[in-house]
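Chemist: My structure is below; once you've seen it, I'll send some questions.
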Amino acid sequence: MATSASRFGARVLTDTLRRPLRDLRISVTDRCNFRCVYCMPKEVFGRDYPFLEREKLLGFEETARLARIFVSLGVQKIRITGGEPLLRPQLERLIAMLARISGLDLTLTTNGALLAEKAQALKDAGLGRVTVSLDSLDDTLFRAMNDVDFPVGRVLAGIDVAARAGLTPLKINVVVKRGVNEHSVLPMARHFRGTGHTLRFIEYMDVGHSNGWRLDDVVSAAEILSIIHAEMPIEPVEPSYRGEVVGRWRYCDGSGEIGVIASVTQPFCKDCSRARLSADGQLFTCLFATTGHDLRSLLRGGASDGDISDAISRVWAARTDRYSQIRSAQTVKLPKVEMSYVGG
Ligand SMILES: C[S@@+](CC[C@H](N)C(=O)[O-])C[C@H]1O[C@@H](n2cnc3c(N)ncnc32)[C@H](O)[C@@H]1O
Ligand code: SF4
């Protein structure tokens, strides 16, 4: 098994490219109350779409048990995601179980639709902070992009309630798609500058196989930065740790930071330390994977923690993924799992 000595003397699990396992994204549902055009287009995710049945989803006890095993293997940060995680009833119960794992950085990504109602309960349960996805401040455009006519004002209200509840520092994810919302970049930067919330612009990616991705639709991080720099000068910030996927920039006048996630134009596979657990307990070692590894069968088949730990270690030790570095016209057509399923 691939291991090397850590700075604490313990053995560190590494993959074939010597990348440690540090981050885990846990999807708690594959369902969503939005139909963002770049993620769950309505034509594909319609009434007849075969979403996971209830009994296939991991229960909170099962999820928490896996989380503890992942932490014993080196995971330091867990992000709860989906689909839309706040659709999962009583999510705060799971948060409370995970918050008991000592030393863990616990966060959650949400579209913000239910955040105003849920923020305080999540905070009380022990959630550290949230990331809210928001692609435009223009109500008409936002309603069109979420494709369920959801008003932007309610997401903004959710952000305010979350900030007041102390789920900070709060991050706001913006996916930029050419011809759709690149005109929202400057208004977003103006609005959130000086608020303490960090905007993070994400290059539109070829996740899944249903969003009709084309390279021409990607607005590069370099282009986004130059749009902002022309009006509000920015300068680079040193990464906080090796392998940070976000390129960090700060406003030269000290009014805050922004980030760019350039997974298409500047792939960060070489430092990727992230695993993903789907809501039905499949382990994926890449966002662009086509198949997962079944941990639910182990959980429900009576495997011990040691057995499960060994199974995860074997999968990680054999990991070779570096999709974004080898992306091509051919790879784009692969039957990759959907982001709403594997956990964004
Ligand atoms: C899949 S969502 C799940 C969590 C929650 N529903 C939300 O929207 O925040 C996680 C993140 O993935 C981003 N995302 C979805 N599809 C994407 C794509 N094709 N390219 C880049 N980012 C994408 C979303 O904007 C969101 O910030
Ligand atoms: S990005 Fe999030 S909110 Fe939008 S459809 Fe995907 S899972 Fe839902």
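The values are calculated or read from the model by the stated rules, or taken from the named source; none is laboratory data. Quick caveat, the model's predicted, so the values are computed rather than measured. Every residue, glycine among them, receives a Cβ derived from its backbone with ideal geometry; neighbour counts consider all protein chains shown.
Quick grid of which residues meet (1) farther than 21 Å from residue 79 by Cβ; (2) part of a strand (DSSP E or B):
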position	(1), (2)
254	yes, no
258	no, yes
263	no, no
267	no, no
275	no, yes
307	yes, no
324	no, no
327	yes, no
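Chemist: A follow-up question, please. Any chance segment 279-297 includes a residue that's more than 16 Å from ligand 1 (Cβ to nearest atom), of a type in the set (A, V, I, L, M, F, W, C) and crowded, with 18+ Cβ neighbours inside 10 Å?
Modeler: The answer is yes; a qualifying residue exists.
Chemist: Considering only residues of segment 44-56 that are more than 16 Å from ligand 1 (Cβ to nearest atom) and assigned to a loop (DSSP other than H, G, I, E, B), which is farthest from residue 151 (Cα to Cα)? If you could, list the steps in order and put the result at the bottom.
Modeler: Of all residues in segment 44-56, those more than 16 Å from ligand 1 (Cβ to nearest atom) come to 46-48, 50, 53-56.
Pick out the ones that are also assigned to a loop (DSSP other than H, G, I, E, B) and you get 46-48, 50, 53.
Numbers: 46: 21, 47: 22, 48: 26, 50: 27, 53: 29 Å.
Looking at the filtered set, the residue picked out is 53.
Chemist: Still on this model: Among all residue pairs at least 6 apart or on different chains, which show Cβ distances below 7 Å where the first residue, located in segment 107-130, is charged (D, E, K, R) and the second is more than 13 Å from ligand 1 (Cβ to nearest atom) and at pLDDT 95 or above?
Modeler: Close Cβ pairs (under 7 Å, with a partner that is more than 13 Å from ligand 1 (Cβ to nearest atom) and at pLDDT 95 or above) amount to 123/165; 123/166; 123/167; 129/167; 129/168; 129/169.
A quick yes/no check of all residues on (1) closer than 17 Å to residue 95 by Cβ; (2) away from ligand 2 (no atom under 14 Å from the Cβ); (3) in a helix (DSSP H, G or I):
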{"residue": "113", "(1), (2), (3)": "no, no, no"}
{"residue": "119", "(1), (2), (3)": "yes, yes, yes"}
{"residue": "124", "(1), (2), (3)": "yes, yes, yes"}
{"residue": "127", "(1), (2), (3)": "yes, yes, no"}
{"residue": "132", "(1), (2), (3)": "yes, no, no"}
{"residue": "136", "(1), (2), (3)": "no, no, no"}
{"residue": "143", "(1), (2), (3)": "no, no, yes"}
{"residue": "154", "(1), (2), (3)": "no, no, yes"}
{"residue": "157", "(1), (2), (3)": "no, yes, yes"}
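Chemist: Residue by residue through segment 78-92, note down the ones that are of a type in the set (D, E, K, R) and closer than 20 Å to residue 116 by Cβ. Steps first, answer last, please.
Modeler: Taking segment 78-92 and keeping what is of a type in the set (D, E, K, R), we get 79, 84, 88, 92.
Across segment 78-92, the qualifying residues are 84, 88, 92.
Chemist: If you go through segment 19-43, how many residues are more than 13 Å from ligand 1 (Cβ to nearest atom) and of a type outside the set (Lys, Arg)? Break it down into steps so the answer makes sense when it comes.
Modeler: First pass over segment 19-43, keeping only residues more than 13 Å from ligand 1 (Cβ to nearest atom): 19-24, 42-43.
If we keep only those that are of a type outside the set (Lys, Arg) as well, we get 20-21, 23-24, 43.
The number of residues fulfilling the criteria is 5.
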